[in-house]
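Engineer: One structure is given below, represented as C-alpha cells, and several questions about it will come after.
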Amino acid sequence: MRRPSRWGRLARGFGRFWWDFLVGDTPEIAIGVVVIIMTISLVSRTERSSVIVAVALPALAVAALGTSIDRARRRARGAGSTSSPGPQPAREDPARS
Amino acid sequence: MIALVARPDVLVLVGAVFLAAAVEMVEALTIVLAVGQTREWRSALWGSGAAFVALTAVVATFGPALVRVPLNDLRLVAGGVLLVFGMQWLRKAILRSAGLVAKHDEDAAYRAAVVEIEGAPLAQRDRVAVVMAFKGVFLEGLEVVITVLTLGTSTHRLGLAAAVAAAAVVLVGLVGMMVARQLSRVPENAMKTMVGTLLVSYGTFWTGEGLRVRWPGGDVMLLGFVALYLGVTGAFVVALRPRRVRGDGVPA
C-alpha cells in the first residue's frame with residue numbers, strides 16, 4: 001500500500017484536529033448544535049420575527065447541554081460504582097483540560 | 001471609547017476573549033514554568049516564542065480571509081462553532097463544580113511536566129524541553145486563536161479581539177512569573193464557567209442572526225442570554241451536587 005503524500009498527511013491531520021476539537025468525546029453536543037440549526041432554520045422561515053424562535057433557540061441549547069451533562073453524570077457514576085462505594089470524581093484527559 | 005465598551009456586544013466580546021485568554025495562559029504558563037525551572041529558561045523561551053509566532057501566523061492568515069466571507073454565513077458558522085465550543089467549556093465547568101469530575105490541578109500538571117523532562121535521556125532533555133514548551137503554548141493558544149477569530153471576525157472587530165487577548169496573555173504572564181508556582185490558586189473553574197457562558201451566549205445570538213432571526217431588543221438580548229445561561233449553570237450544579245446524608249442514611 002502507498003504511503004500518503006505529505007499533503008495527504010497534512011490534510012488528514014487538519015481534519016483530525018477539527019474532529020477532535022468539535023466532536024471529540026462529546027458527539028452529543030455537536031449533533032445537538034446541528035439539530036438546533038436545522039430546527040431553527042425551518043421554524044424561522046415561517047416565524048421570522050416571532051418570540052417563538054427567540055425562546056426555542058436557547059431552550060434547545062439548554063436541552064443539548066443537559067443531555068451531555070446527563071451522559072457525563074451516568075458515566076461518572078458508572079466509573080465510581082465499579083471502583084469504590086462512594087461517588088468518585090472521574091479524571092479527564094489532561095490534553096483537553 | 002467608553003460608548004464603544006458600553007455596547008452589550010462589545011462588552012461580551014471583551015469579557016469572553018479576555019477570560020478565555022487568561023484561563024488558557026494559566027495552563028500554558030504552568031508548563032513553561034515547569035520547563036524553565038527544571039531544565040533551563042532558554043529552552044522554555046525558545047519553545048514559547050516559536051509557538052507565539054505560529055499562533056500569530058494563524059491569525060494573520062485566516063483573519064483577513066474570514067472577514068471577506070458574507071456576514072450572515074460567517075455568523076452562522078461562527079455561531080455554531082461557538083455553541084459547540086462554549087457548551088464543551090460549560091459542561092466541563094459544571095461537572096467540576098458538582099464534583100463529578102476532578103478539577104484541573106495546576107500543581108499536578110506542573111509535576112507531570114517535570115517528570116516528563118527528567119525521564120528523558122540526558123542528551124535529549126534540551127530538545128524535549130523546547131518541544132514541551134512549544135506544545136503547551138501552541139495547543140492552549142489555539143483555543144484562544146479560535147475564540148479570537150470567531151468572535152473578532154463576526155463582529156468585524158478582529159483587531160480589538162486580538163488586542164484584548166494579547167493584553168490578557170501579557171497580564172497573566174507577568175503576574176504568573178511573579179507568583180511562579182502559585183498558579184493553582186487561580187479560580188480557574190469559575191473563570192471557565194464565565195467563558196463558557198459568554199461563548200454559548202454569543203453562539204446562540206449569532207446562530208440566530210445567521211438564520212436571519214430578529215432578536216427582540218437587538219444586541220441587548222446578548223445580556224439576557226448571559227443571565228439565562230448563568231442561571232441554568234447554577235441550577236445544573238445544585239441539581240448534580242451529591243446530597244448530604246444524615247446519620248441514619250436518609251438524604252437530608
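The values are calculated or read from the model by the stated rules, or taken from the named source; none is laboratory data. This one's a predicted model, so the numbers in the text were calculated from it and none came from an experiment. Every residue, glycine as well, gets a Cβ built from its backbone with ideal geometry; the counts of neighbours run over all protein chains shown.
Engineer: Of the residues B:Phe62, B:Phe85, which is within 21 Å of the chain's Cα centre (by Cα) and under 28 Å from A:Ser44 (Cα atoms)?
Structural biologist: Answer to the check: B:Phe85.
Engineer: On to the next question. Restricted to the stretch B:208-223, and to residues that are over 16 Å from B:Leu13 (Cβ atoms) and more than 7 Å from every other protein chain (Cβ to nearest Cβ), which residue is modelled with the lowest pLDDT? Explain how you work it out, then say what you get.
Structural biologist: Of the stretch B:208-223, the ones over 16 Å from B:Leu13 (Cβ atoms) are B:208, B:210-217.
Still in the running and more than 7 Å from every other protein chain (Cβ to nearest Cβ): B:210, B:217.
Details: B:Gly210: 90, B:Gly217: 84.
Filtering first and then ranking leaves B:Gly217.
Engineer: Regarding the stretch B:102-117, can at least one residue be identified that is of a type in the set (Asp, Glu) and free of Cβ contacts under 8 Å to residues at least 24 places away in the same chain?
Structural biologist: yes
Engineer: Report every pair of residues separated by at least 6 positions or lying on different chains whose Cβ atoms are under 8 Å apart, first residue within the stretch B:222-250 and under 20 Å from A:Arg75 (Cα atoms), second of a type in the set (D, E, K, R) and at pLDDT 85 or above.
Structural biologist: The qualifying pairs are B:Leu240/A:Arg73.
Engineer: Next up: Quick one: B:Glu24 ticks every box in (1) in a helix (DSSP H, G or I); (2) more than 12 Å from every other protein chain (Cβ to nearest Cβ) except a single one, so which number is it?
Structural biologist: For B:Glu24, the failing item is (2).
Engineer: Restricting to the stretch A:32-42, name every residue that is surrounded by fewer than 16 Cβ atoms within 10 Å (Cβ to Cβ) and touching a residue at least 12 places away in the same chain (Cβ under 8 Å). Lay out the reasoning, then the answer.
Structural biologist: Here is the first cut: in the stretch A:32-42, the residues surrounded by fewer than 16 Cβ atoms within 10 Å (Cβ to Cβ) are A:34-35, A:38-39, A:41-42.
Answer for the stretch A:32-42, where residues must be surrounded by fewer than 16 Cβ atoms within 10 Å (Cβ to Cβ) and touching a residue at least 12 places away in the same chain (Cβ under 8 Å): A:Val35, A:Thr39.
Engineer: Checking the conditions here, which among B:Ala93, B:Ala98, B:Ala54, B:Ala108 is small (Gly, Ala, Ser), within 14 Å of chain A (Cβ to nearest Cβ) and crowded, with 22+ Cβ neighbours inside 10 Å?
Structural biologist: From the options B:Ala93, B:Ala98, B:Ala54, B:Ala108, the qualifying one is B:Ala93.
Engineer: Residue by residue through the stretch B:140-170, note down the ones that are touching a residue at least 24 places away in the same chain (Cβ under 8 Å) and either among the basic types (Lys, Arg) or over 26 Å from B:Leu71 (Cα atoms) (or both).
Structural biologist: B:Glu140, B:Arg157, B:Ala167, B:Ala168, B:Val169
Engineer: Kindly indicate whether A:Glu28 is among the acidic types (Asp, Glu), at pLDDT below 90 and touching a helix residue (DSSP H, G or I) at 6+ places or on another chain (Cβ under 8 Å). Before the answer, list the steps.
Structural biologist: Numbers: among the acidic types (Asp, Glu): yes; at pLDDT below 90: no; touching a helix residue (DSSP H, G or I) at 6+ places or on another chain (Cβ under 8 Å): yes.
No: the conditions fail for A:Glu28.
Engineer: Which number in (1) touching a helix residue (DSSP H, G or I) at 6+ places or on another chain (Cβ under 9 Å); (2) under 14 Å from B:Ile146 (Cα atoms) marks the one condition that B:Thr61 misses?
Structural biologist: If we test B:Thr61 against (1) touching a helix residue (DSSP H, G or I) at 6+ places or on another chain (Cβ under 9 Å); (2) under 14 Å from B:Ile146 (Cα atoms), just (1) comes out false.
Engineer: Let me ask you something else. Among (1) within 13 Å of chain A (Cβ to nearest Cβ); (2) more than 26 Å from B:Ser43 (Cα to Cα), where does B:Leu160 come up short?
Structural biologist: Failed condition: (1).
Engineer: Among the residues of the stretch A:17-35, what is the count of those that are more than 7 Å from chain B (Cβ to nearest Cβ) and not in a helix (DSSP H, G or I)?
Structural biologist: So the answer is 3.
Engineer: Cβ-Cβ below 6 Å, separation at least six or inter-chain, first residue in the stretch B:62-75 and surrounded by 15 or more Cβ atoms within 10 Å (Cβ to Cβ), second aromatic (Phe, Trp, Tyr): which pairs?
Structural biologist: The qualifying pairs are B:Arg75/B:Trp206.
Engineer: Now for a different question. Across the stretch A:41-66, what is the number of residues that are within 8 Å of chain B (Cβ to nearest Cβ) and farther than 19 Å from B:Leu228 by Cα?
Structural biologist: Summing the residues that are within 8 Å of chain B (Cβ to nearest Cβ) and farther than 19 Å from B:Leu228 by Cα in the stretch A:41-66 gives 4.
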